[in-house]
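The values are calculated or read from the model by the stated rules, or taken from the named source; none is laboratory data. All figures in this text were calculated on a predicted structure; none of them were measured in a lab. Don't worry about glycine lacking a Cβ; one is built from the backbone with ideal geometry, like all the others, and counts go over all protein chains shown.
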Amino acid sequence: MSHETIMKVDDLKVYFNVTKRDAMPWTKPDKLKAVDGVSFELKAGETLGIVGESGCGKSTLARAVIRMIPSESGDVMWLGQDLMALDAKEMRARRKEVQMIFQDPLASLDPRMNIGEIIAEPIKTHYPKTPKAEIKKMVEEVMIKVGLLPNLVNRYPHEFSGGQCQRIGIARALILKPKLIICDEPVSALDVSIQAQVVNLLKELQEEMGMALIFIAHDLSIVKHISTRIMVLYLGNMVELADSVDLYKQPRHPYTQALISAVPIPDPLIEKNKELILIEGDLPSPISPPSGCVFRTRCPRVQDICTREKPEFVDAGNGHKVACHFHD
Amino acid sequence: MIVANKNKIAEMAENMSGMDAVDGRSLWADARRRFMHNKAAVVSLVILALIVLFSFAGPYFAVWSNEEIDWSVMGSAATKGMPSFETGHFFGTDDLGRDIYSRVIQGTQISLMVGVLGAFVAVIVGTLYGAISGYVGGRTDQIMMRIVDILMAIPFMFVLILMLVVFGRSIGMLFIGIGLLAWLDMSRIVRGQTLSIKNKEFIEAARATGVSGFKIITRHIVPNLLGVVAVYATLLVPGMILTESFISFLGLGVQEPNTSWGALISEGAGTIRYDTEWQLLFPLAFFVVSLFCFYFIGDGLRDALDPKDR
């Protein structure tokens, strides 16, 4: 595994305009801060897990780095090139290096196309001159790779189960041999046994083909299983970014600690005696996030300084970064 | 058939490499099967096919062409011009001694052509306009749809009649007039469908893959809204025929020596008090039966393509 950095995201911000209900046409819309200053680096062949509760900006972040959603400010360097500076046509050409896998396996496949056409679409888009026989061969190869029988090419998505549909989605993402695959909650729509199959398949494929993954999920145990590093998001802000083993062993941010304590352990005895850290309250509105530290409204360790100053995202040793005034 | 073991898959694939790929059943095939189970629609389809066939094969059985005048009948259509095999006037003649059988064939051709071509133009223009408007969204969408609103606010029949009066009465003008306005409803329906389709994940998947906007519309959006379009188009055809007939009935549409169902019905209705009811009834029968067929087929298609059925 090489350790060259393939993606460098610097202070990425994604704001959405929200029009108030009684707004006049000339009133300025509110800004919903979906992602508010996220920076990270991604190395070739590694897996970056992104976790956080619903609405914390995981999916928005993943889409914004590949410009599926326009971002407010920030830079994304991809293989030494600034993606934000490209025009639409150049950007489309670069999309062959980054592919995506989606949450709802069936909805991400065009119901009017058979799976051969679906899997071949990236080739037809980026290499339109490829001869038919070669496309067919490539489709067959990639289908075997993801565990689908190649004689199913003429079938249609609705004839497959959820797990199979997700394999089709993975095959489509793999066929161009991308350097990065963004997995947006690829397993949350599947049941547990299929989840394991799909995650293990992704892991195997990664070892075989060496692409990097950005893996979004809200199931911490799955993220732990697949990730090299994990980023914890809260209200569009990074609260912690660390090596996955490190993060589980020694979570530094109170939010991460609470998240990890909430992971059920499949042993009733341990589970019963486990110390559960509960967080009070609801997620604050991203339209008017709390001043200072975004987590202060729910934090068990809150002090005066948290209201006044936004904590820096600092290295607490060993590349374990955390945004808290009182990380220990 | 999920097999976790990859070697096993490869092995199975090896074994099956000699076998042909399994045929899948597409949504279209499903819809066709459902349509075939709808008796009224299938019967309508057959009848309509026969009418179309008649309009092309009919002239070969005609004794009189549509341009010939039977001088012996002229002036006494009520007594000599009735339908009969002996005289060769299968459907009788009109007051001028022209053969209704041939005239109906001619009228059928023109009416169906107006209906089908008009609907075709409306479908193409309306689908592309609506799909682009819906997919691009934002300000473009606003402007495009306001244009449609404005055009819709214009009293269509009034403008059409004015156009025919000012620019002369011709089939070409009629086409332009009907075609210009018929796509409006289509574009609205298509836009609505596009809005619901464009937020589906497979569109996002295509965008993430790098497919261009135009390709997404033609490759992903249009095939997915074709069901609705097909249903609406079959309902549009009789609408077109009705409009054309109405205009022709008023005497503004198709002009002599051409004719259409509307023109024939108008003529027949005008002479009905002279006991020449066949002049009205034959074109009317074709008109009514065809319209019924189109509506039944449209209904059948809607049932067959309705996604809620699944």
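Looking at the structure I just gave you, is A:Ile101 touching a Cys at 6+ places or on another chain (Cβ under 9 Å), crowded, with 18+ Cβ neighbours inside 10 Å and not polar (S, T, N, Q)?
Yes; evaluated as a whole, the condition is true for this residue.
Among (1) free of Cβ contacts under 8 Å to residues at least 12 places away in the same chain; (2) touching a Leu at 6+ places or on another chain (Cβ under 7 Å), which single condition is A:Arg229 missing?
Condition (1) is where A:Arg229 drops out.
Among the residues in the stretch B:265-284, are any modelled with pLDDT of 85 or more, in a helix (DSSP H, G or I) and within 18 Å of the chain's Cα centre (by Cα)?
no
Quick check on the stretch B:237-246. Is at least one of its residues in a helix (DSSP H, G or I), among the hydrophobic types (A, V, I, L, M, F, W, C), under 22 Å from the mean Cα position of the chain (by Cα) and under 29 Å from A:Asp87 (Cα atoms)?
no
Restricting attention to the stretch B:50-64, and to residues there that are at pLDDT 80 or above and of a type in the set (Gly, Ala, Ser), which single residue is surrounded by the fewest Cβ atoms within 10 Å (Cβ to Cβ)?
B:Ala57
Going by the structure shown, is A:Ser244 surrounded by fewer than 21 Cβ atoms within 10 Å (Cβ to Cβ), of a type in the set (Ser, Thr, Tyr), more than 20 Å from A:Asp36 (Cβ to Cβ) and touching a residue at least 12 places away in the same chain (Cβ under 8 Å)?
Yes.
Quick test for you: out of A:Val232, A:Val199, A:Val223, pick the one residue that is within 30 Å of A:Lys96 (Cβ to Cβ), of a type outside the set (Phe, Trp, Tyr), modelled with pLDDT of 85 or more and in contact with a Phe, Trp or Tyr (Cβ under 8 Å, 6 or more places away or on another chain).
A:Val223
Which of the residues belonging to the stretch A:158-199 are within 16 Å of the chain's Cα centre (by Cα), more than 30 Å from A:Glu4 (Cβ to Cβ) and either of a type in the set (Lys, Arg) or within 11 Å of another protein chain (Cβ to nearest Cβ) (or both)?
A:Ala189
Filter the stretch B:208-221 down to the residues that are within 12 Å of chain A (Cβ to nearest Cβ), surrounded by 19 or more Cβ atoms within 10 Å (Cβ to Cβ) and not polar (S, T, N, Q) and list them by number.
Selection gives B:Ala208, B:Gly210, B:Val211, B:Ile216, B:Arg219, B:His220, B:Ile221.
Looking at (1) within 13 Å of another protein chain (Cβ to nearest Cβ); (2) surrounded by fewer than 21 Cβ atoms within 10 Å (Cβ to Cβ); (3) more than 30 Å from B:Leu305 (Cβ to Cβ), which is the only condition A:Asp82 fails?
Result: A:Asp82 passes all but (1).
Give me a count of the residues in the stretch A:246-256 that are under 18 Å from A:Ser227 (Cβ atoms) and outside any loop (DSSP other than H, G, I, E, B).
Final tally of qualifying residues: 6.
Taking the criterion of being more than 8 Å from chain B (Cβ to nearest Cβ), more than 18 Å from the chain's Cα centre (by Cα) and among the acidic types (Asp, Glu), would at least one residue in the stretch A:202-212 satisfy it?
Yes, there is a match, as at least one residue in the stretch A:202-212 is more than 8 Å from chain B (Cβ to nearest Cβ), more than 18 Å from the chain's Cα centre (by Cα) and among the acidic types (Asp, Glu).
Pairs only if they're at least six apart or on different chains, beta carbon under 8 angstrom, first in the stretch A:162-187 and within 17 Å of A:Ser59 (Cβ to Cβ), second among the hydroxyl-bearing types (Ser, Thr, Tyr) and surrounded by fewer than 24 Cβ atoms within 10 Å (Cβ to Cβ); list them, first residue then second.
Once the first residue is within 17 Å of A:Ser59 (Cβ to Cβ) and sits in the stretch A:162-187, its partners that are among the hydroxyl-bearing types (Ser, Thr, Tyr) and surrounded by fewer than 24 Cβ atoms within 10 Å (Cβ to Cβ) give A:Asp184/A:Ser59; A:Glu185/A:Ser59.
Can you find a residue in the stretch A:47-62 that is in contact with a Gly (Cβ under 6 Å, 6 or more places away or on another chain) and either in a loop (DSSP other than H, G, I, E, B) or within 14 Å of chain B (Cβ to nearest Cβ) (or both)?
yes
Before we move on, is A:Glu46 under 24 Å from A:Ile6 (Cβ atoms), within 16 Å of the chain's Cα centre (by Cα) and surrounded by fewer than 16 Cβ atoms within 10 Å (Cβ to Cβ)?
no
Looking at this structure, is B:Ala40 modelled with pLDDT of 75 or more and exposed (fewer than 14 other Cβ atoms within 10 Å of the Cβ)?
No, not satisfied.
Restricting attention to the stretch A:137-157, report how many residues are of a type outside the set (D, E, K, R), more than 9 Å from A:Gly116 (Cα to Cα) and either more than 7 Å from chain B (Cβ to nearest Cβ) or surrounded by 24 or more Cβ atoms within 10 Å (Cβ to Cβ) (or both).
Residues flagged as of a type outside the set (D, E, K, R), more than 9 Å from A:Gly116 (Cα to Cα) and either more than 7 Å from chain B (Cβ to nearest Cβ) or surrounded by 24 or more Cβ atoms within 10 Å (Cβ to Cβ) (or both) within the stretch A:137-157 amount to 7.
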